[in-house]
Amino acid sequence: MLQLQSITKSYPSGSTVRTVLDGLSLDVEKGETLAIVGPSGSGKTTLLNIIGTLDKADSGTAVFEGANLMEMNSNELPGFRNRKIGMVFQLHHLLPQCTLWENVLVPAIPLKSKNNEAEQRAEELLKRTGIWEQRFQKPAELSGGECQRAAVVRALINRPSLILADEPTGALDHENAELLTNLLLELNKELNTALIVVTHSMELALKMGKVYKLVDGKLVDG
Ligand SMILES: Nc1ncnc2c1ncn2[C@@H]1O[C@H](COP(=O)(O)OP(=O)(O)OP(=O)(O)O)[C@@H](O)[C@H]1O
Ligand SMILES: [Mg+2]
């Protein structure tokens, strides 16, 4: 479903240029789960941002379900991203003034014709993740684990084919981290949504089908 080849990405660093991704390749199959590990600053978030179309590689090829990400323009990208890719971050980034119910439905707003379907799906997923009773509460009235589960529901609301999770359990205690990891894996099986997780936790990484390490701008078997 996703093929990256010879991806490079550099950033200016003082008077020089720092090459973060250096000829990186990656092939992800439909429904696959994989972890990306690597030291701080090795380029993991940079890579997720390129896959998630939030950032563009300097060179290389990136094809997502047949669409060439390198050639897509800024008008096409937001709609593509919203339909195809769900994202979960270390901090939930829920809107503080909105209830959980409103928050998880935000990505469905641009897809107006599908709103009814999205509400049914929100109900299913909120029940499935154990936060249905809390749906009319705001993020500040919920625990960190509950907010993070809501972020997972929001990421899945438009039936994406890929979930990108950048340190999704980084702000959770061990019990909630395990709960969220198991939830991501169960939903991956049920919905056949591919899952790429960036993590510092070897425990989490080893639960994924494959583990890659980002070293010198390339992925190697972890
Ligand atoms: N917008 C930017 N401008 C300049 N440099 C950047 C930018 N984004 C990232 N970098 C640099 O690129 C390198 C890789 O950053 P990245 O955030 O991808 O690392 P990471 O592996 O996700 O690290 P961490 O585990 O700490 O989250 C770092 O040296 C960082 O300073
Ligand atoms: Mg990062």
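The values are calculated or read from the model by the stated rules, or taken from the named source; none is laboratory data. It should be emphasised that the depicted structure is a prediction, and the values quoted were computed from it without experimental measurement. A quick note on method: Cβ atoms are made from the backbone with ideal geometry, for glycine too, and the neighbour counts reach across all protein chains shown. For the accessible areas, the whole protein counts, side chains as well, though only heavy atoms, and no ligand, DNA or RNA atoms are used. Shrake-Rupley method; radii C 1.70, N 1.55, O 1.52, S 1.80 Å.
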Please tell me the relative contact order of the chain in percent, rounded to the nearest whole number, where contacts are Cα pairs under 8 Å and at least six residues apart.
-> 31 percent
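Could you do me a favour and compute the accessible area per residue for the chain, 1.4 Å probe, result in Å²?
48 Å²
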Going 7 Å from the Cα of residue 111 in the Cα-to-Cβ direction, what parts of the range 16-55 have a backbone nitrogen less than 19 Å from that spot?
-> 30-32, 52-54
Based on Cβ point charges of +1 for Lys and Arg and -1 for Asp and Glu, what charge dipole magnitude is obtained for the chain about its Cα centre, in debye rounded to the nearest 20?
-> 380 debye
What value, in deg cm²/dmol to 500, does the helix sum -39500 (n - 2.57) over DSSP H runs of n ≥ 4 give at 222 nm once divided by the residues of the chain?
-> -9500 deg cm²/dmol
Highest average packing first - 180-188, 151-159, Cβ atoms within 10 Å | 151-159, 180-188
Two decimals is fine: what's Rg over Rh for the range 97-137, C-alpha atoms, Kirkwood radius as Rh?
-> 0.97
Local charge sum around residue 138 (other residues, Cβ-Cβ under 13 Å, Lys/Arg +1, Asp/Glu -1)?
-> -2
With every protein chain in place, the chain: carbon and sulfur % of accessible area (1.4 Å) = 50 percent
Quick one: what does P(r) look like for the chain with 10 Å bins over all Cα pairs, in whole %?
-> 8, 33, 36, 19, 4, 0
